[in-house]
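Presented below is the structure to which this report refers.
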Amino acid sequence: MSRTLPIIEPFRIKSVEPIRMSSRAQREEWLAECDGNLFGLHAEYVLIDLLTDSGTGAMSSEQWAAVMRGDESYAGSRSYLRFEAAVHDVFGYEHVIPTHQGRAAEHFLFQALVKPGDVVPNNTHFDTTRANVEACGGEALDLPCAELHDTTSSFPFKGNMDLDWLRSVLSGPCHIPLVMMTLTNNAGGGQPASLENLRAVRALCQEFDVPLYLDACRFAENAWMVRVREEPDRPVREIAREVFSLADGCTMSAKKDGLANIGGFLAVRDAKLAQRIRRELVITEGFPTYGGLAGRDLEAVAQGLAEVLEDDYLAYRSASIRYVVRSLDERGVPVVRPAGGHAIFLDAARFLPHLDPGEYPGQALAIELYLEGGIRTCEIGSVMLAHRDPSTGEEIPARNELVRLAIPRRTYTKSHLDYVIEVTTRVFEQRDEIRGVCILEAPEVMRHFGARFGRCEEHSCASG
Ligand code: F0G
C-alpha cells in the first residue's frame, strides 16, 4: 500500500543566522522603550520575525552566485538584459521598467494615469497603493467580494472582485483611469482571486474601455492556489501566463514572489506609456536599465523569478501556511480560513471579544504574542485601516481586526512554526487577561508605523 510522504522543505541549509533568545522580562522592557509599537523594536530583540514576508526571505545558492555575476555598468548592463528577459518570460509584457521596490512602480504608474477626482477600483488596495492613488488626488475604491469579510467562510477565492459592484462603478459618472487587481489580496488575508473572476474583470474592463493592471507581488502564490482550487491539471507557469495575458500591465514588488531582498518593476504593453514613465524614472529612480537597483539586485530577481514557479517550492510554501492554519483551527484559535498564500491571519475580534475596536484588539494581540514568545507580527485592523468620518471627525473602525503572521520565504523551519503554534495557543488560553490599548500619539498618514501606544487602564482614554 503506498502512502503519500509528507511535504518537506525542498532545500537544505548552507548558511545560518543566529536567533537571540530572550526572557519575558527583557521583552517587557524593550517593548516599553518603543511605546508598544512593534515597528520600533530592534530586530535582534525578536525571536521569530513575522512582521512581513517582504524582502525578508532567504536567497538560494543560485541567487547568490548570480549576485556575484552582477554587471554594474550604468547603462545597458548584462544584468538588466537578463532581468528583462526573465520578466518577459514569466509576465509577457513588452516594456519592463525596473524600480527599487513595488511602491515606486505604483508611484510611476499612478503619476502617469491618475488625475485629481479620478476613481481607481481594486479588489483591495494595499496601504502604499492606496497612498499613491491618493497622492495623485484620486480615490482608492475597494471592491472586494462579500465573502472576504466573513473570516469563518471557507470560500476558496476571497480575493475576488465584486463584479456587480465593479459594473455599477464603471457605468457611473466617475472617471476611471484604470482598474487594478491585487494578487493575492494581502490586506484581506492573502486570499487568491480566481481565474474565472479575473477573466470576468477583464471582460468588464474591455466593455467600458478601461485598462486593467495587476498588483502582482504574490502572483506565483495566487497561481498555485488557482491550480489547487480551480484548474488542477494546468502547469502553474501557464496559469500565471494566462493571468498576465488578461491585463495591460502590472506593478511588482520583487521582495515577495521575486524571492529577492530588494527590487521591483513596472511592466506594460503600451509603448507610449512606457516612454513617459522612463522619462520620469530618470529624475528620481535612475537610468531605465537599473531603476534604482544595483546590477546584482537585478540578477537576484531574474533568478528568483525562475525559482518561484517551481512546483516543489510552491507545494512546500502552501503546505507550511496550511499547517499553521489547520493546527490553530484545531485548537480553537480564531484564524482566517481558508489558508492564504503568504501569511496566517488571526481574527483578533473573535480572539478578544471583550475588547471594542477602539481598544485595538489586533494591536493588543500582537503585543501579547511578542511578550509571550518574542514573535513579531503586524496588526491589520483599526490601527492601520480605520478612517475618520469627515463630518463628525469620529473614527470609523476597520471592517476586520486582523493580526498577520507573515511567513518569510524559505526562512523558518517546521520547528519554528511549531513554536509559533505553541505561543499563539498559550496566548489564546490566557485571552481573558488581555487588556486593550489606546493610541497616545500618531502621525497623520500610515499611523501604524509611528504610533505610540498605552494601556487603556493606565490612560484616561475614552475606551479605558
Ligand atoms: N502591493 C502589495 C499587495 C504589497 O503587499 C506591498 C508590500 C506592496 C504593494 C508594496 O511593495 O514594499 O516593495 O514597496 N507589502 C509589504 C507587506 C510591505 O508587508 O505586506 P514594496
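The values are calculated or read from the model by the stated rules, or taken from the named source; none is laboratory data. Model, not experiment: these values are computed from the prediction. For neighbour counting, all protein chains shown are included, and Cβ atoms are generated from backbone atoms with ideal geometry for every residue, glycine included. The area values use the complete protein model at the heavy-atom level, side chains included, leaving out ligands, DNA and RNA. Shrake-Rupley method; radii C 1.70, N 1.55, O 1.52, S 1.80 Å.
Given the options Leu405, Gly436, Ala300, identify the residue whose Cα lies farthest towards the positive end of the charge dipole of the chain (+1 on Cβ of Lys, Arg; -1 on Cβ of Asp, Glu). Going by the Cα projections, it comes out as Ala300. Using the Cβ of Tyr213 as centre and a radius below 11 Å, the other residues enclosed give a net charge of -3, where K and R count +1 and D and E count -1.
For the chain, which whole percent of the accessible surface, found with a 1.4 angstrom probe, sits on carbon and sulfur atoms?
Working: 10180 of 19960 Å².
That fraction is 51 percent.
Only Lys, Arg, Asp and Glu carry charge here, each on its Cβ (+1 for the first two, -1 for the last two); on that basis region 61-307 has a dipole of about 460 debye about its Cα centre. The gain in end-to-end length when the Ala85 to Leu440 segment is fully stretched comes to 122.8 nm, 0.36 nm per residue minus the alpha carbon separation.
Starting from the exponent 0.38 and prefactor 2.2 Å, build the expected Rg for the chain from its residue count and divide its actual Cα Rg by it.
Values: Rg = 21.8 Å, N = 464, 2.2 N^0.38 = 22.7 Å.
Dividing the Cα radius of gyration by 2.2 N^0.38 Å gives 0.96.
Stretching the chain fully between Asp432 and Glu207 yields a gain of 75.7 nm (0.36 nm per residue, less the alpha carbon separation).
Return one whole number: the accessible area per residue of the chain in Å², for a 1.4 Å probe. Write out the running numbers ahead of the final one.
Values: 19960 Å² over 464 residues.
Here the residues of the chain average 43 Å² of exposed surface.
Simple point charges give the picture: +1 on the Cβ of Lys and Arg, -1 on the Cβ of Asp and Glu, and for the chain a dipole about the Cα centre of about 1080 debye. Counting alpha carbon pairs within less than 8 Å and at least 6 residues apart, what relative contact order, in whole percent, applies to the chain? Reported as a whole number, the value is 22 percent. Listed values for region 73-84 are Karplus-derived 3J(HN,Hα) couplings in whole Hz (6.51 cos²θ - 1.76 cosθ + 1.60, θ = phi - 60°), namely 4, 5, 10, x, 5, 4, 5, 5, 5, 5, 4, 4, and x replaces Gly and Pro. If a spin label sat at a point 7 angstrom from the Cα of Ala135 along the line to its beta carbon, the backbone N atoms of region 280-297 nearer than 16 Å would be those of 280-286, 292.
Distances between placed amide hydrogens fall under 5 Å for Ile380 paired with Leu402, Val403, Arg404, all partners being 5 or more residues away or on another chain.
Compare the peptides 58-64, 72-78, 287-293, 314-320 by average per-residue count of other Cβ atoms within 10 angstrom and give them in order, highest first.
On the way: 58-64: 16.7, 72-78: 12.9, 287-293: 22.3, 314-320: 19.4.
The most tightly packed comes first, giving 287-293, 314-320, 58-64, 72-78.
Using 1/(1 + (r/R0)^6) with R0 = 41 angstrom and r between the beta carbons of Ala319 and Asp164, what's the FRET efficiency to the nearest 0.05? With a Förster radius of 41 Å, E is 0.70. Every helix of 4 or more DSSP H residues in the chain counts as -39500 (n - 2.57), and over all residues that averages to -12000 deg cm²/dmol at 222 nm. A straight line joining the Cα centroids of region 116-181 and region 393-419 runs 22 Å.
Extension gain, Met68 to Thr411: 0.36 nm times the residue separation minus the Cα-Cα distance gives 121.3 nm. The residues neighbouring Pro353, those whose beta-carbon lies less than 11 Å from its own, together hold a net charge of -2 under the Lys/Arg +1, Asp/Glu -1 convention.
Accessible area of Trp30 (1.4 Å probe, protein heavy atoms only, ligands and nucleic acids ignored): about 20 Å².
Determine which residues of region 49-66 fall in the zone a paramagnetic label at Met21 would reach in this model, i.e. backbone nitrogen under 18 Å from the point 7 Å along Cα→Cβ. From region 49-66, the list is 49.
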